[in-house]
Amino acid sequence: MGKSIQTQVRRRFDKDTRAIQTSRAPKTMRRRSLGNSGLEVAPLAFGGNVFGWTVNERTSFRLLDAFVAAGFNLIDTADAYSRFAPGNRGGESETIIGKWLKQGGRRDKVIIATKVGLEMGPHRKGLSKAYILRAAEDSLKRLQTGYLDLYQSHRDDPDTSLDETLQAYAQLMEQGKVRAIGASNYRADRLSYALALRRRHGLPRYECLQMEYNLYDRAEYEETLEPVCIENGLGVLSYFSLASGFLTGKYQSAADVANKARGDFVKKYLNERGFRILNALDQVAKRLNATPAQVALAWLIARRTVTAPIASATSLAQLKELIGATTLELDEASMGLLNRASDGLG
């Protein structure tokens with residue numbers, strides 16, 4: 001019986017993988033430059049925070065295989081993923097990605113982006129030079145690779161000077177261990193200062209910003225950070241692109257989020273403005289024969305400053321849906337409806 005069930009599961013996975021491959025993004029899809037880093041990425045990034053949390057190793061491998069087979073290349077993770085999950089210590093996501101890379105023939109097909117700075121244990125956090133150099137070696141070991149394509153400061157460290165942080169990255173880049181660097185969760189003034197330091201002292205430049213940004217969470221990015229990114233030609237990677245799943249439409253009440261892995265993240269969206277956005281997503285989705293999730297991602301992809309939204313999938317069916325967003329073109333009426341529904345900039 002066990003073997004029969006395994007065979008059925010395998011056949012279902014193989015069928016779903018073939019479906020993803022046949023619905024891959026068109027050959028005309030252009031990769032986008034990530035700032036001035038020289039890195040070229042497809043307009044959708046896979047969020048590796050689910051690996052070792054809501055997705056086991058075997059399914060992670062299949063998701064990554066299907067993602068790359070469909071023509072996509074940016075995989076985003078962090079050393080702290082997924083330390084927040086009960087029983088985890090951190091490094092689980094990088095470890096799974098490393099095992100997948102170790103199978104061979106994959107490293108030159110993908111852009112591996114990871115992060116440093118969140119707490120990994122006693123005296124293991126922040127952006128001091130000594131800690132970054134140590135954490136980079138740990139990430140390289142877990143990822144089983146000789147270099148990181150994109151190394152990002154996970155969160156600003158007020159206890160460490162920005163020039164010390166950038167000096168650490170300079171050393172890693174000189175050693176060939178890091179190709180480009182980025183900032184995540186930085187305020188506009190701190191990001192601007194880091195960029196100014198680069199110009200004055202010849203230090204490496206943050207080439208991209210990773211921020212929480214979606215149809216609901218717009219204010220901080222659009223009002224303060226987007227102008228900095230435009231002025232300096234930075235790439236932008238949006239996380240929580242689907243507002244922790246809220247923009248898929250599957251969470252309509254407090255009962256829907258009870259006992260769910262992302263429940264605590266979703267509660268803040270259950271209000272009049274959130275439901276107005278869901279209604280607009282439904283209208284556009286029906287008009288374009290798409291899903292609300294695809295429309296929400298297509299809105300981000302259409303934003304001129306967004307290089308790639310980051311989104312996670314826990315099944316091949318979900319991944320196929322996400323990939324479908326990259327071929328969805330929103331007309332002016334659809335963009336207008338979505339923008340009006342999300343006015344108020346949460």
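The values are calculated or read from the model by the stated rules, or taken from the named source; none is laboratory data. Remember, it's a predicted structure, so these values are computed and weren't measured experimentally. Here the Cβ is made from the backbone with ideal geometry for all residues, glycine too, and neighbour counts use every protein chain on show. Remember, those area values only see protein heavy atoms, side chains included, never the ligands or the DNA or RNA. Shrake-Rupley method; radii C 1.70, N 1.55, O 1.52, S 1.80 Å.
Some points to look at:
- Legend: translational diffusion of region 188-346 by Stokes-Einstein, Rh = Kirkwood radius over C-alpha pairs, 4 °C, 1.567 mPa s; D = 78 µm²/s.
- Considering only beta bridges that DSSP places wholly inside the chain, some 5 percent are antiparallel.
- Reducing region 147-222 and region 87-138 to their Cα centroids gives an inter-centroid distance of 17 Å.
- Pairwise FRET efficiency - residue 107 versus residue 252, Cβ, R0 = 41 Å, nearest 0.05: 0.45
- Taking the square roots of five times each eigenvalue of the Cα gyration tensor of region 66-113, the equivalent ellipsoid has semi-axes of 23, 11, 9 Å, listed largest first.
- Residue order by solvent-accessible surface for 201, 154, 123 is 123, 201, 154, largest first, with ligands and nucleic acids left out and a 1.4 Å probe.
- Accessible surface computed residue by residue for region 188-247, with neighbouring protein chains in place and a 1.4 Å probe, gives 35 Å² per residue.
- Gyration tensor analysis over the Cα atoms of region 207-246 returns equivalent ellipsoid semi-axes of 20, 11, 5 Å (largest first, whole Å).
- Overall shape: oblate for region 30-141, with the ratio a/c of the largest to smallest alpha carbon gyration tensor axis at 1.5 or above and b/c at least equal to a/b.
- Length added when fully stretched, residue 333-residue 219, from 0.36 nm per residue minus Cα-Cα: 38.8 nm
- Cross-link pairs exceeding 27 Å in C-alpha to C-alpha distance, out of 99/177; 99/125; 177/320; 250/286; 125/177, comprise 177/320.
- GNM flexibility winner over the chain from 302, 130, 69 (Cα, springs under 10 Å): 130
- Taking amide H positions as modeled 1.01 Å from N, with prolines and chain starts lacking one, the residues under 5 Å from residue 32 and 5 or more places away or on another chain are 41, 42.
- Given R0 = 30 Å, the distance between the Cβ atoms of residue 99 and residue 174 translates into a calculated FRET efficiency of 0.55.
- Here each label is just a point 7 Å from Cα along the line to Cβ, and for residue 88 and residue 36 those points are 3.6 nm apart.
- Within-11-Å neighbourhood charge of residue 180 [Cβ basis; K, R +1; D, E -1]: 0
- Just so you know, the Cα atoms of the chain work out to an Rg and Dmax of 19.8, 68 Å.
- Of the residues 292, 130, 154, the one whose Cα sits farthest towards the positive end of the charge dipole of the chain is 292 (charges of +1 on Lys and Arg Cβ, -1 on Asp and Glu Cβ, taken about the Cα centre).
- Computed from the C-beta positions of residue 196 and residue 267, the FRET efficiency with R₀ = 45 Å rounds to 0.70.
- Of the solvent-accessible surface of the chain, computed with a 1.4 Å probe over protein heavy atoms with every protein chain present, carbon and sulfur atoms account for 47 percent.
- Taking the Cα centre of the chain as origin and assigning +1 to Lys and Arg Cβ atoms and -1 to Asp and Glu Cβ atoms, the resulting dipole is close to 1300 debye.
- Heavy-atom accessible area order for 120, 173, 335, largest first, 1.4 Å probe: 173, 335, 120
- Within the shell of other residues whose beta carbon sits under 14 angstrom from the beta carbon of residue 40, the net charge comes to +2, with Lys and Arg scored +1 and Asp and Glu -1.
- Given their separation in residues at 0.36 nm each and the Cα-Cα distance between them, residue 318 and residue 283 gain 10.5 nm when the chain is fully extended.
- The tail of the calculated P(r) for region 291-346, taken as Cα-Cα distances beyond 18 Å, holds 34 percent of the pairs.
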